[in-house]
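Taking it in order: structure first as structure tokens, then the write-up.
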Amino acid sequence: MAPNATVDIARAASYASISTTTGSGASSPGIDGPPITVLASSRAVIGGRLTPATIIISHSTGKIESIFNSVIAETSFPPGTFYVDHSPKILIPGLVDAHVHLNEPGRTEWEGFWTGTRAAAFGGVTTVIDMPLNAIPPTTTVAGLKEKIAAAQGKCWVDVGFYGGLIPGNARELKALVREGVRGFKGFLIDSGVDEFPAVSSEDIRKAFEQLADEPTTCMFHAEMIPPIAASVGDDVQHSLPPLAPTGPLEHYQTFLDSRPPSFETYAIEEILSLAHLAPNLPLHIVHLSAIQAIPILREARANGIKVTAETCFHYLSLAAERIKAGDTRHKCCPPIREQSNQDGLWDELTREDDSVIKTVVSDHSPCTPDLKLLPAHMPGAVSSSEVEGTEGDFFAAWGGISSVGLGLSILWTEGQERKISIEDVVRWCCLNTAKQVGLEGTKGDIAVGYDADIAVFDDEAEFVVQPSTMLFRNKCSPYEGKTMKGVVRETWLRGRRVFTREDGFMEKSGPSGQLLLEPRKAEK
């Protein structure tokens with residue numbers, strides 16, 4: 001028996017006096033039985049540390065009421081208590097995926113709240129933050145946000161927050177969007193690929209910084225710019241004519257990679273940092289960092305007191321340019337997937353024992369309808385279309401974006417096995433730090449007293465093959481199809497309610513219980 005087990009049992013005894021009602025509370029959480037749920041395991045990540053634990057969840061609040069640092073037997077709780085000992089599976093906080101494109105309204109055929117949040121729950125993600133573009137209208141005004149909110153009602157299987165957008169001319173909307181509860185703002189320094197969301201200039205960034213300098217929010221940037229002199233003129237982010245001087249066939253991935261060199265990222269980041277003095281208290285964030293050449297620049301900026309962080313994505317940590325086959329446009333994204341040596345450099349930075357500039361790992365789930373990927377007919381996920389003919393496999397004409405929401409935990413765990421990462425590392429990158437990034441620390445991202453009882457039951461030894469049945473996002477077109485993943489989410493709990501199990505699927509009778517996270521952010525203490 002662990003040294004603290006005796007103390008924990010004594011504390012747990014206080015629950016024996018809880019009144020009970022007759023019913024079947026032991027088989028499923030509900031209105032019958034004692035008003036608590038108890039989840040236990042010999043392995044749980046509590047406060048960022050792996051430990052045995054017994055977690056008491058209040059039915060009335062959906063929050064964690066108490067935690068014991070040992071496995072307390074079911075007999076220590078009132079008869080009828082819903083109790084499960086998940087040992088040796090790992091209890092971890094529900095993931096906070098801080099970069100997801102749900103696209104509804106306007107492009108719901110690409111993705112929507114119902115399908116996107118079900119896919120998230122399948123993979124232990126209990127909170128997603130929706131990006132402001134690819135929906136019509138985009139979330140660049142209060143009116144646009146309200147249309148998003150209306151479209152999401154009753155469709156969310158996990159909790160959903162929203163980002164606002166930075167575009168030319170909307171600087172005066174930004175403070176109002178903060179008051180309405182957006183978690184942060186995103187702008188592009190290069191064409192976004194959709195007309196509703198133009199790129200910002202340095203002057204636009206200056207105006208945004210003036211408005212947001214003292215607001216409790218974060219400014220994030222898609223950091224790519226074409227330098228004044230470049231060896232290759234890259235395509236716009238999602239669609240354009242090919243480069244003026246392509247280095248090879250347009251269906252070869254290397255040709256596309258050559259058109260978007262690391263200098264695109266470093267040039268954009270330097271431009272952002274040159275304006276940081278205008279809002280020294282405003283946290284800045286670089287989304288989907290891919291080029292390791294940017295890391296020293298960000299490290300120096302942080303050393304000089306600039307409040308800047310970066311995220312990278314599951315695909316940059318698991319896919320490599322050398323392994324992408326000709327025409328497999330499922331791999332197109334911007335910034336691009338770079339070489340294996342670059343991937344190794346991202347991992348080296350992410351796993352630094354001192355202060356890494358890469359704080360979070362997210363999906364950047366950016367789906368589209370399969371026809372827009374222009375996949376050759378023999379590729380998984382391809383569709384026949386008269387519009388595709390003649391452009392099959394063209395990396396410059398295809399839409400850019402990787403579909404992976406709900407697969408990220410398994411992707412990271414699979415790749416991390418060779419790199420000796422721990423489950424505590426994963427929780428830090430995908431739960432604790434992502435919650436902090438979007439101002440949800442204190443309620444999300446950890447298993448702690450007073451937090452929402454968002455919990456994933458993770459089987460770290462099980463494996464599965466990614467197939468259409470395990471890709472719950474709307475369009476089953478992903479570079480991960482056919483890959484064997486290690487690590488399976490057995491159950492997902494949202495605010496004390498079990499919403500998904502790998503064996504039984506979704507709790508369809510109760511329907512989606514996700515909430516929209518619209519309480520305005522508070523200033524950091």
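The values are calculated or read from the model by the stated rules, or taken from the named source; none is laboratory data. Predicted model only: the values in this text are computed from it and were never measured. Cβ coordinates were reconstructed from backbone atoms using ideal geometry, including for glycine residues, and neighbour counts include every protein chain displayed. Ligands, DNA and RNA are excluded from the accessible area calculation, which covers all protein heavy atoms including side chains. Shrake-Rupley method; radii C 1.70, N 1.55, O 1.52, S 1.80 Å.
General remarks:
- Residue check, VAL405 closer than 19 Å to LEU317 by Cβ, modelled with pLDDT of 95 or more, assigned to a strand (DSSP E or B) and open to solvent by less than 40 Å² (accessible area, probe 1.4 Å): no
- Checking CYS430 against (1) in a strand (DSSP E or B); (2) more than 23 Å from VAL84 (Cβ to Cβ), the condition it does not meet: (1)
- Of all residues in the stretch 354-361, at least one satisfies being assigned to a loop (DSSP other than H, G, I, E, B) and at pLDDT below 95.
- Within the stretch 166-190, the set of residues being crowded, with 20+ Cβ neighbours inside 10 Å, out of contact with any helix residue (DSSP H, G or I) (no Cβ under 8 Å at 6 or more places or on another chain) and over 20 Å from VAL96 (Cβ atoms) comprises ASN170, PHE188.
- Of all residues in the stretch 49-70, those that are open to solvent by 30 Å² or more (accessible area, probe 1.4 Å) and under 24 Å from ARG428 (Cβ atoms) total 5.
- In summary, ASP446 fulfils each of the numbered conditions (1) under 23 Å from THR61 (Cβ atoms); (2) surrounded by fewer than 21 Cβ atoms within 10 Å (Cβ to Cβ) with the single exception of condition (2).
- Selection count where residues are open to solvent by 10 Å² or more (accessible area, probe 1.4 Å) and within 14 Å of the chain's Cα centre (by Cα), scope the stretch 104-117: 0
- Counting only strands (runs of 3 or more DSSP E) that fall entirely inside the stretch 451-509 and contain at least 2 residues that are assigned by the TED database to the domain that holds GLY48 and among the small types (Gly, Ala, Ser), no element qualifies.
- Cβ pairs under 8 Å, 6+ apart, first in the stretch 157-185 and free of Cβ contacts under 8 Å to residues at least 40 places away in the same chain and under 11 Å from LYS207 (Cα atoms), second among the β-branched types (Val, Ile, Thr) and in a loop (DSSP other than H, G, I, E, B): ILE167/THR140; ILE167/VAL200; PRO168/VAL200; ASN170/THR140; ASN170/THR141
- Residue ID - nearest to GLU147 (Cα to Cα), chosen from residues in the stretch 159-193 that are touching a Gly at 6+ places or on another chain (Cβ under 9 Å) and part of a helix (DSSP H, G or I): LEU177
- Residue in the stretch 269-290 that is within 23 Å of ASN304 (Cα to Cα), in a helix (DSSP H, G or I) and touching a Pro at 6+ places or on another chain (Cβ under 6 Å) present: no
- Checking each residue in the stretch 74-130 for being more than 23 Å from ILE423 (Cα to Cα) and in a helix (DSSP H, G or I) picks out GLU74, THR75, SER76, PHE113, TRP114, THR115, GLY116, THR117, ARG118.
- Residue in the stretch 294-309 that is assigned by the TED database to the domain that holds TRP429, crowded, with 16+ Cβ neighbours inside 10 Å and part of a strand (DSSP E or B) present: yes
- Only one entry in ALA377, ALA435, ALA382, ALA398 is of a type outside the set (D, E, K, R), open to solvent by less than 10 Å² (accessible area, probe 1.4 Å) and part of a loop (DSSP other than H, G, I, E, B), namely ALA398.
- Enumeration of residues in the stretch 489-525 that are over 20 Å from the mean Cα position of the chain (by Cα) and open to solvent by less than 40 Å² (accessible area, probe 1.4 Å): GLY496, THR501, GLY505, PHE506, GLY511
- Qualifying residues in the stretch 245-268 (those that are hydrophobic (A, V, I, L, M, F, W, C) and in a helix (DSSP H, G or I)) - the one nearest to PRO227 (Cα to Cα): PHE264
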